[in-house]
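Notes follow once the structure below has been shown.
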Amino acid sequence: MSRYRLQYSNEARDALRKMSTARRAGFEQAINEVATDPYRHGIALGGDRDRREASLAGTVTVYLVSAGVPVVSVVRIVHTD
């Protein structure tokens, strides 16, 4: 199974920067697991298989999957740090 490339929206990147060091390390490990098989993680939103929401390392993360060009786009990350 090939690994999907990760990219982040500006909003998601800002949330990532605001995370504590420990949470960020856990998130990076979890999102790298998502990148190996994005459909195995989270749930489809609004009936759209490619728009997904997952609970990752104490965050709620919304991401989009592009299967044609193997990319996972992290759109939004919500956390309490």
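The values are calculated or read from the model by the stated rules, or taken from the named source; none is laboratory data. Just so you know, these numbers come straight off a predicted model, no measurement behind them. Note that each Cβ is placed from the backbone with ideal geometry, even for glycine, and that neighbours are counted across all protein chains shown. Just the protein is used for accessible areas: all its heavy atoms, side chains included, with ligands, DNA and RNA removed. Shrake-Rupley method; radii C 1.70, N 1.55, O 1.52, S 1.80 Å.
Students sometimes get this wrong: rank TYR4, TYR63 by accessible area, probe 1.4 Å, all chains present, largest first. Don't skip to the answer; put the middle values down first.
On the way: TYR4 35, TYR63 0 Å².
Largest accessible area first, the list is TYR4, TYR63.
Size of the chain: Rg and Dmax of its alpha carbons, in Å, are 11.8, 35. Once the Cα atoms are used to define both axes, helix 21-36 deviates from the longest principal axis of the chain by about 0 degrees.
With a Förster radius of 25 Å, plug the Cβ-Cβ distance of GLU33 and ALA67 into 1/(1 + (r/R0)^6) and report the FRET value to the nearest 0.05. Don't jump to the answer; show the numbers that get you there.
Values: r = 18 Å, r/R0 = 0.71.
The formula returns an efficiency of 0.90 here.
Work out how much length VAL60 to GLN7 would gain on full extension: take 0.36 nm times their residue separation and subtract the Cα-Cα distance, in nm to one decimal.
Length gained, VAL60 through GLN7: 17.4 nm.
The apolar share of the surface of the chain, taken as the fraction of accessible area on carbon and sulfur atoms (1.4 Å probe, ligands and nucleic acids excluded), comes to 49 percent.
Shown in residue order for the stretch 65-81 are the 3J(HN,Hα) couplings computed by the Karplus curve 6.51 cos²θ - 1.76 cosθ + 1.60 at θ = phi - 60°: 10, 10, 7, x, 10, x, 9, 10, 9, 7, 9, 8, 10, 10, 8, 10, 6 Hz (x for Gly and Pro).
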